[in-house]
Amino acid sequence: MRCLIVEDDPLLSSQLVEAMQASGFACDSAADGEQGEFQGSTRSYDVAVLDLGLPGLPGIEVLTRWRQAGITMPVLILTARGDWTDKVAGFRAGADDYAVKPFRLDEVVIRAQTLVRRAAGHAQAVIEAGPLRLDSQLGIITLNGMALKLTAFEARILTYLIHHQNRVVSRTELSDHLYDAAADRDFKSIEVVIGRLRRKIGEGLIETRRGEGYVLRTRA
Amino acid sequence: MNDPTRDPHAHDPKPDDRRRFRGDSIRLRLLALSALLIGAALVAGYLLISAILQEFITGRFDAEAASVSEALIAGAQVADDGRLVAGTPPADQRFSMPLTGWYWQLEEDGRVMAKSASLFDNVLSVPAGDSSGATIAGPAGQALRLTRSSFTLPDSDSRMAVTVTIPRADIEGSLALVRKPLAISLLMLGIGLALASVIQVTAGLRSLDRLGRDLRRIRAGKSETLPLPPVAELRPIAVEINGLLDQNRSVLARAREHVGNLAHSLKTPLAALSNGLPADHPGQALIARMDRQIGWHLRRARSSAAPRLLGQRTEIGPVVDDILLVLRRPLDDAGITVRTDILPPDLAFAGDRQDLEEIIGNLTENAAKWARSRIRISASPVQAAGVAELRVVIEDDGPGMSDKDHALALARGSGLDETGPAGSGLGLAIVADLAALHGGKLVLDRSDLGGLRAEIALPA
């Protein structure tokens, strides 16, 4: 899962990045409105955490531009004033949830995870995919009730595939949501990890479509 | 702390106080002045015209008397015995009928030598000297106007005099005959002028009335700017008032922006600080307290300025919709349905949108936290002591509170020294605070849905 954090305070921004990374997100950060708007509209993210009080372009304006450009990623807004006017303005501009400063980091992480899960069309915190079960808040994946032992990278790929089960996910899309902007992309290593995953969860679940990508097939 | 419970409408003139004619009204002053001037002019005109008429009519009678006395002088002659005798008496019947007041007499050296038949056996007692124009009392008690001419005759050395009298009553009668139509026509002229001045004053002040009405609309929050009056004299006033309104709005907007910026610049480092400390660090309580203080002052700074801002009107319906937009997801997740009853649909709060959002937002959020499956939001107008108010009621079917907890919930957060985690149950105290700022009140009770019933009265 990839997330964008737009927050001008460097300390708070790095705290958010650390907390999100610790729960399996690949994070990019932007320190002002223009940069955040540019990153959000040129790269593909699963969720954005957007501060409303940004230098340069205000957060509401960033969000409005994203929505006007047809960018539908879920957005969690951070508001300092914490009044309903800010919340209403944010939701009208297209926000999906809010957190009021000062907030607890784990609260922001849980809200971001919930937004990602909902955006993929899952209302419940636990997503079923055939014999697989993903508890999106705890980040635990079980196979037939037994907890799977996965590396962080394996977990990221499998989580993304579970969110988007029964749909072809291209390698580019997968890499977009696995790496942050600074990381080197490597399709080969994705293929290697998919191979390892197949051994852990059974051969039949992840299909490879030549030239297209992968499908986590949980129904016929 | 300046007095937050002050009724923002205390200095509003009540509509029924505005009578059309008050002692200090321009309309009354103009009308009284014009009535006074018209009245004085008409009285003076009446006096002047009747004086002229009196002179004219008296002159006519005097001329008549003069011609009688000339005829008598022409006819008078000295008889053979040296005594004065009258010639042919005047043919006028009034000199022959008895005691008509129309008399003549001829005197020679003070002795009456001849007189009119109308005098019967009386004699006119004429004061000495040239007493023409004088009024004497006649034999029948009438007031008589007297014309007297002295003359001499060639055949005599005696001083002759002829006296002719006219009854004053006849002169007065003729005068009364013209004075009555004169008075009636002047009175009608006066009524006409008075009507004209009423029309003039009303027409002249209509634009002032309209200006007043437009200002009241702004005060009532029904419009934001004053339309330019069609009258050139009032246009500068309207422009100035609009300028003041704009200035008021922009000062307030700037102040709010500053406070908002201050909150942001304090709360962001506060968030970083809080997250940098372990959750059980004693500093966390201090951070929570700072956070609450910022929130409290932010709200206070914003709301204490709001009631003074003119032209505020916020419809309830759209605000409820906005709040439900924000809360939609947690409500859906918890399977809570919200019923809204806002009647009439354009029911509006005479105040700031932000404050209404805080009130409805906090109450609805609180209801959402406790409700099992239902929330009811209703708003309706009420007439309280002649002042238009509206009542917003937000109820849930949750566990509700005991009466003791109702009082406790309202007391929380009213001071600054609260301890405990941020945001816990402070919503109700915030709403109570805001309601007081608008001269309203938050009342907590048990709902027939089973849970809490929060009722708030606000100026409509």
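Nothing in this text is a laboratory measurement; each read-out follows from the coordinates by a stated rule. From a predicted model like this one, the values you see are computed outputs, not experimental measurements. Glycine also receives a Cβ, built like all others from the backbone with ideal geometry; neighbour counts cover every protein chain displayed.
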**Prompt:** What pairs in A:Lys87/B:Lys404; A:Lys101/B:Lys404; B:Lys267/B:Lys369; A:Lys87/B:Lys267 have C-alpha atoms more than 23 Å from each other?
**Reply:** A:Lys87/B:Lys404; A:Lys101/B:Lys404; B:Lys267/B:Lys369
**Fill in**
Shielding of B:321-328 by other chains, given as the mean Cβ count within 10 Å, works out to 4
**Asked** Using alpha-carbon positions, what is the distance between the centroids of segment B:210-267 and segment B:113-153, in Å?
**Response** 89 Å
**Complete:** If the chain between B:Ser380 and B:Ala301 were fully extended at 0.36 nm per residue, the gain over the current Cα-Cα distance would be 25.5 nm
**Label-point gap, in nm, between B:Arg235 and A:Ala69 - each point 7 angstrom along Cα→Cβ** = 4.9 nm
**Complete:** The extension gain from B:Leu408 to B:Leu195, computed as 0.36 nm times the residue separation minus the Cα-Cα distance, is 69.9 nm
**Request:** Taking the Cβ of each residue in A:Thr142, B:Thr364, A:Thr151 as the centre, tally the other Cβ atoms inside 10 Å and list the residues starting with the fewest.
**Result:** A:Thr151, A:Thr142, B:Thr364
**Request:** Kindly write out, for segment A:177-185 in residue order, the coupling ³J(HN,Hα) from the Karplus curve 6.51 cos²θ - 1.76 cosθ + 1.60 (θ = phi - 60°), rounded to whole Hz, with x marking Gly and Pro.
**Result:** 9, 9, 9, 7, 4, 7, 7, 6, 8
**Message:** Give the separation of the Cα centroids, segment A:63-109 to segment B:63-111, in Å.
**Reply:** 125 Å
**Rounded tilt (10° steps) of A:84-93 against the dominant C-alpha axis of chain A** = 50 degrees
**Request:** Express as a percent, rounded to the nearest 5, the fraction of DSSP beta bridges in the protein assembly as shown (both residues included) that run antiparallel.
**Result:** 75 percent
**Asked** Within 10 Å of each Cβ of A:58-70, how many other protein chain Cβ atoms are there on average?
**Response** 0
**Asked** Any idea what the relative contact order of chain B is, in percent, if you count C-alpha pairs under 8 Å spaced at least 6 apart?
**Response** 11 percent
**Prompt:** Helix A:105-119 sits at what angle to the longest principal axis of chain A, using alpha carbons and giving 0 to 90 degrees rounded to 10?
**Reply:** 60 degrees
**Modelled FRET efficiency - R0 60 Å, B:Gln93 with B:Ile26, Cβ distances, 0.05 increments** = 0.40
**Item:** Shielding score for B:355-362, defined as the mean number of other chain Cβ atoms within 10 Å
**Value:** 3
**Rough spin-label spacing in nm, given labels placed 7 Å along Cα→Cβ, for B:Leu182 and B:Gln247** = 6.1 nm
**Request:** Just grab the label-to-label distance for B:Leu343 and B:Arg289, each label 7 Å out from Cα along the Cβ direction, in nm (one decimal).
**Result:** 5.0 nm
**Asked** Roughly how many Å is it from the Cα centre of segment B:319-397 to that of segment A:125-167, as a whole number?
**Response** 40 Å
**Asked** In straight Cα distance, which aspartates and glutamates are under 13 Å from B:Lys180, not counting same-chain residues fewer than 8 positions off?
**Response** B:Glu172
**Asked** When the chain is fully extended, how far beyond the present Cα-Cα distance does B:Ala66 get from B:Glu224, taking 0.36 nm per residue of separation?
**Response** 48.4 nm
**Asked** By average Cβ neighbour count within 10 Å, what is the ranking of B:453-459, A:52-58, B:352-358, B:132-138 from highest down?
**Response** B:352-358, B:453-459, A:52-58, B:132-138
